[in-house]
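First up is the structure itself, then whatever we jot down about it.
Each value in this text was obtained by applying a stated rule to the coordinates, not by laboratory testing. Note that the structure is predicted; figures quoted are calculated from it, not measured. With ideal geometry, Cβ positions are generated from the backbone for all residues, glycine too; neighbour counts draw on all protein chains shown.
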């Protein structure tokens, strides 16, 4: 990693008479754990020129993906800029709004932002010299959960509490300051993947079908799921979203994009990371996507409704704390919101659960040139290699959709 002119990003954070004298970098995550950008651990030695003492600042640097295909898929000319705006502008606006409305404990479920840049030439084009600098949460005791295990009940509730506060604070700000919201915030919430029509992973439905056919409850619905899959067109645009629930959504909320801190083995704090795809849309997508991709299947079977109601209670309580009308956010209307977003979640998670959430650790997603989901041998190999928990999760998701008449 070429760390040119990094000092300029830290000017306002270092303080007087302090200078960067050394930077050590190393990879932060394993190959295949983050396709939307390169993540580096940066240990920055800072010298106080008055006392001559050195201190070390532990941060994370995020740059654009090395692979050009992922630069296109993740739409970096939009998403990289928007991620900087989220940390630098939107988070402080929400925190100041909470303070103005008498809340002493403002939202803290985001990493500290040190700064960012698009390039070194001063243009508006993102290139390989673009970088986003945030605190290294691992140095503060935060960790990612094992994506092949997922969240237990306490961990899920802690995350959903923060998610409810985030979603509802945005909505409250929109209700109280609509002109400012639609002028300053709404325009940057259009960050979405660029999936081509010939995307080879559309053919992963063959693998999904093989898994679903292992469940007698799911088997009758396989033809309907294939038809839905082939006809589905994802809507990441943020246009024509339903009010009043429309809010800023993370839009990629799963195990790898959240970190948790523990004290004596108990989860006490949560942080959300990787806001490159945030959007203006339904909170239902974040909620259902997190539950199905990231919460342990046995927890979902026992507590799915409890977790949904817990989120809604936290959501409404925060709306009340911010002195906004809450009757329009009733539980029945909230359940309808989940139903309306369920099709998009299902189509996303059908491939995401087996191929990404439970994909082989330490390996990037397969290159499209060597993947043939229609080849019988390849398909059999993929099905056999998918962990049993992933298969149970897919079965549970379809069963839940059937029971709720979402499918």
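A few notes on this one:
- Calculated mean residue ellipticity at 222 nm for the chain: -12000 deg cm²/dmol, from DSSP H runs with n ≥ 4 weighted as -39500 (n - 2.57), summed, divided by the residue count and rounded to 500.
- Measuring between their Cα centroids, the range 69-87 and the range 216-291 lie 18 Å from each other.
- Full extension of the chain between residue 123 and residue 88 yields a length gain of 10.7 nm, computed as 0.36 nm times the residue separation minus the alpha carbon distance.
- The range 252-384 shape via C-alpha gyration tensor axes, a/c threshold 1.5: prolate
- Extending 7 Å from the Cα toward the beta-carbon at both residue 104 and residue 55 defines two label points whose distance is 2.7 nm.
- The simple Förster model, with R0 at 22 Å and r as the Cβ-Cβ distance, assigns residue 381 and residue 148 a FRET efficiency of 0.75.
- Cα-based helix-to-principal-axis angle, 283-294 vs the chain, degrees rounded to 10: 80 degrees
- Most mobile listed residue (360, 344, 377) in the chain, GNM with C-alpha springs under 10 Å: 377
- Listing 228, 355, 302 from fewest to most neighbouring C-beta atoms within 10 Å gives 302, 228, 355.
- Global form of the range 134-213, assessed from the alpha-carbon gyration tensor, a/c cut-off 1.5: oblate
- Alpha carbon convex hull of the range 136-280, volume per residue in cubic angstrom: 177 Å³
- Taking the chain as a Gaussian network of alpha-carbon nodes connected by springs under 10 Å, the highest mean-square fluctuation of the residues 66, 28, 253 belongs to 66.
- Rounded, prolate or oblate (a/c below 1.5 giving rounded, otherwise prolate when a/b exceeds b/c) for the range 31-145 by Cα gyration tensor: oblate
- Mean sequence separation of contacting Cα pairs (under 8 Å, at least six apart), scaled by the length of the chain, corresponds to a relative contact order of 19 percent.
- Helix 76-85 axis, angle to the chain major axis (alpha carbon atoms, nearest 10°): 60 degrees
- Cβ-based exposure ranking for 351, 140, 156, in which fewest neighbours within 10 Å come first: 140, 351, 156
- Residue order, fewest to most beta carbons within 10 Å, for 167, 395: 395, 167
- When the chain is treated as a GNM with alpha-carbon contacts under 10 Å, the residue of 263, 46, 222 showing the greatest mean-square fluctuation is 263.
- Crossing angle, helix 153-176 versus the chain [Cα axis fit, 0-90 degrees, rounded to tens]: 70 degrees
- The calculated FRET efficiency for the pair residue 216 and residue 331, based on their C-beta separation and a Förster distance of 35 Å, comes to about 0.60.
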